[in-house]
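Input: a single structure, listed below in structure tokens.
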Amino acid sequence: MSGAVTRRRKGPGLTLLKNRWSEQPRGNLISDVAGKHSNPPSEDEGGRQGPFKRLNAMWSSFRRGKRHGMRDPEPIEPDAPALADSTSTQHRCVSGQYFFEYLVVVSLKKTKDGSSYEPQITYQFPKRDQMHRSQKEDEEKTLKAITLFCFPEGINWAPLTEYHSETFSFVLTEIDGSRRNGYCRRLLPGGKGARPPEAYCIISSVACFGLFSKIFDEVEKRRQISMAMIYPFMQKLREAPFPAPGNTVEIKSFIPESGTEIISLTRPLDSWLEHVNFAMLFGCLTDEEVLLVFAAAVLERRIIFIADELGTLSQVIHAVAALLYPFTWQHTFISIVPEILIDVVMAPTPYLLGVQRHLLDQVNDQTDLLLVDLSEDKKNTFIVSDDEKDILPPKLQTEILEALSHRQKTSTTEELNRVVSEAFLLFFVKTVGHYMSHVKYNRSGEPGEFDKRGFYKAIESKTTRHFVKKFIQTQMFDLFIQDVEQQQPGPQQGIFYKKVLEYQEKKKREKKNKH
């Protein structure tokens, strides 16, 4: 059929830096943590470090299982019940029966020569004893990766007497394509005198930042009493069923001197937004600035966010990706780039990256790049920018800003998420919501075929049509349409399709009233 969309294959050299996520933004694990103290990467012909040579070398050595440069985890205690079948356990965790896969504590320990500190896992619950050899090797590599993302700064740590705790998240993409969410809280451990911070990290298939932040509050409370107090609480949590959207699960937990407490954990009603809090995004940027970032993201450009705080980076970058719903970011997505992987900023392909301010001088290639400063004391929000203000149709830009103005300063997280998500969702409804009318089905049971030319020709507004002609070339739209083509004709499920039907009915009523 004339105008049918052309399929694009991912380049093999970049596949490791790309991934696809269904509802929540997913990150990339460029995974050779074990090789982080290896020899410096080779130089390219121009004398600079070749980022892809470095990343490919790192990935290759990871797959070969190099283990120098990092010590093995210390003995883990207290003993937790052994898991009878790790394959069964992984399935049960992924299916949602477990809140989390495991909890680890990452501590900073002095290196052998005593000159600096390096992160090591000092506690893990539950222990992963009964595993096949290959499973153990993969697990060790994942655990070493976790230490890197818990302490990504790559700076020389020193003992501290004061440290403001912070919570952030990352996503691990394994070699088999499976993905797990990492939730991390860093704080100063109990004790007297100067001491280095430690990190608590929960690995889970569940994407729900707010829920795990509350779990960390309980873990931190028990850690102040004794490390041993964490185990019974996490065991109770692990045994509890993961609640459906809008539902609550209650965990009973005993604390000395306080007695038995009941902790209520409620899952947000809008499950597709449960990993997102737009407050940080709109606290760092104005509505107009958010619109410019959205414009760059919707055309899959290179975007780097700069901040000092890890929590700021992770929350903002997840929020930006959520603005793209019902489409999903298909390219490199690293909410907090560890220093060892900073060369990824030189990649020529689209990305969403979070980079700490002290690494800003290493962002050398600033061509075709939107560099966004999230700092409170920033002079300019956009250190580097291009034509983002001209990407979106002017009328629709005005409508988004008008919708955003309806939110209140005292809005709850749920109210804010609703106002923001609906503003951007309606933008996609108005621009591409007619997509189903241009998917043609020839015979029953066969995939449909999208008429790209007819699709954008059906748009009356010239400015909207100009935008859509660019947007339909993106990978996020291409894969969205591929999924639609594979579905059988008829009504679809999902909030986007519901909003499309509501908008179409509204347009019909308006047209009828005119006559």
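Here are the numbers for the structure shown:
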read-out	value
Number of the condition not met by Glu288 [criteria: (1) closer than 21 Å to Ile383 by Cβ; (2) touching a strand residue (DSSP E or B) at 6+ places or on another chain (Cβ under 7 Å)]	(2)
Residue in the range 132-152 that is modelled with pLDDT of 80 or more and in contact with a Lys or Arg (Cβ under 6 Å, 6 or more places away or on another chain) present	no
Sole residue being touching a His at 6+ places or on another chain (Cβ under 8 Å) and closer than 17 Å to Leu313 by Cα, chosen from Phe209, Phe168	Phe209
Among the residues listed as Ile303, Ile317, the single one being within 16 Å of Leu353 (Cβ to Cβ) and not in a helix (DSSP H, G or I)	Ile303
Filtered residue count, the range 360-383, keeping only those that are hydrophobic (A, V, I, L, M, F, W, C) and either touching a Gly at 6+ places or on another chain (Cβ under 8 Å) or more than 19 Å from Asp308 (Cβ to Cβ) (or both)	2
Search result, residues across the range 471-501 that are modelled with pLDDT under 85 and within 17 Å of Asp451 (Cβ to Cβ)	Gln487, Pro489
Count - residues of the range 273-295 that are open to solvent by 50 Å² or more (accessible area, probe 1.4 Å) and in contact with a His (Cβ under 7 Å, 6 or more places away or on another chain)	0
Some residue of the range 381-395 being charged (D, E, K, R), surrounded by fewer than 18 Cβ atoms within 10 Å (Cβ to Cβ), under 30 Å from His164 (Cβ atoms) and in contact with an Asp or Glu (Cβ under 9 Å, 6 or more places away or on another chain)	no
Close pairs (6 angstrom Cβ cut-off, 6 or more residues apart or separate chains): on the phi < 0 side of the Ramachandran plot in the range 390-405, open to solvent by 80 Å² or more (accessible area, probe 1.4 Å) and not in a helix (DSSP H, G or I) anywhere	none
Residue, most open to solvent (accessible area, probe 1.4 Å), within the range 358-373, restricted to residues that are not polar (S, T, N, Q) and not in a helix (DSSP H, G or I)	Asp368
Any hit, the range 238-246, residues being assigned to a helix (DSSP H, G or I), in contact (Cβ under 8 Å) with a residue 12 or more places away in the chain and surrounded by 21 or more Cβ atoms within 10 Å (Cβ to Cβ)	no
The range 255-272, residues that are open to solvent by 50 Å² or more (accessible area, probe 1.4 Å) and either at pLDDT below 85 or within 14 Å of Phe212 (Cβ to Cβ) (or both)	Pro256, Glu257, Ser258, Thr266, Leu269, Asp270
Output for the range 340-357, where each listed residue is at pLDDT 90 or above and open to solvent by 10 Å² or more (accessible area, probe 1.4 Å)	Asp343, Met346, Pro348, Thr349, Pro350, Gln356, Arg357
Positions within the range 312-330 being open to solvent by 10 Å² or more (accessible area, probe 1.4 Å), more than 14 Å from Asp373 (Cβ to Cβ) and touching a strand residue (DSSP E or B) at 6+ places or on another chain (Cβ under 9 Å), in sequence order	Gln315
Where a residue in the range 351-364 is β-branched (Val, Ile, Thr) and its partner, wherever it lies, is part of a strand (DSSP E or B) and open to solvent by 10 Å² or more (accessible area, probe 1.4 Å), with Cβ under 9 Å and at least six apart	Val363/Ile383; Val363/Val384
Criterion violated by Tyr183 - all others in (1) in contact with a helix residue (DSSP H, G or I) (Cβ under 7 Å, 6 or more places away or on another chain); (2) open to solvent by 20 Å² or more (accessible area, probe 1.4 Å) satisfied	(2)
Qualifying residue in the range 447-462 (condition: of a type in the set (D, E, K, R), assigned to a loop (DSSP other than H, G, I, E, B) and within 23 Å of Pro393 (Cα to Cα))	yes
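Residue-by-condition table, conditions (1) assigned to a loop (DSSP other than H, G, I, E, B); (2) over 26 Å from the mean Cα position of the chain (by Cα):
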residue: Lys395; (1), (2): no, yes
residue: Ile400; (1), (2): no, no
residue: Arg407; (1), (2): yes, no
residue: Lys430; (1), (2): no, yes
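The values are calculated or read from the model by the stated rules, or taken from the named source; none is laboratory data. Owing to the predicted nature of the structure, the values given are computational and were not obtained by experimental measurement. Using ideal geometry, Cβ is built from the backbone for each residue, glycine included, and neighbour counts are taken over all protein chains shown. Only protein heavy atoms, including side chains, enter the accessible area calculation; ligands, DNA and RNA are left aside. Shrake-Rupley method; radii C 1.70, N 1.55, O 1.52, S 1.80 Å.
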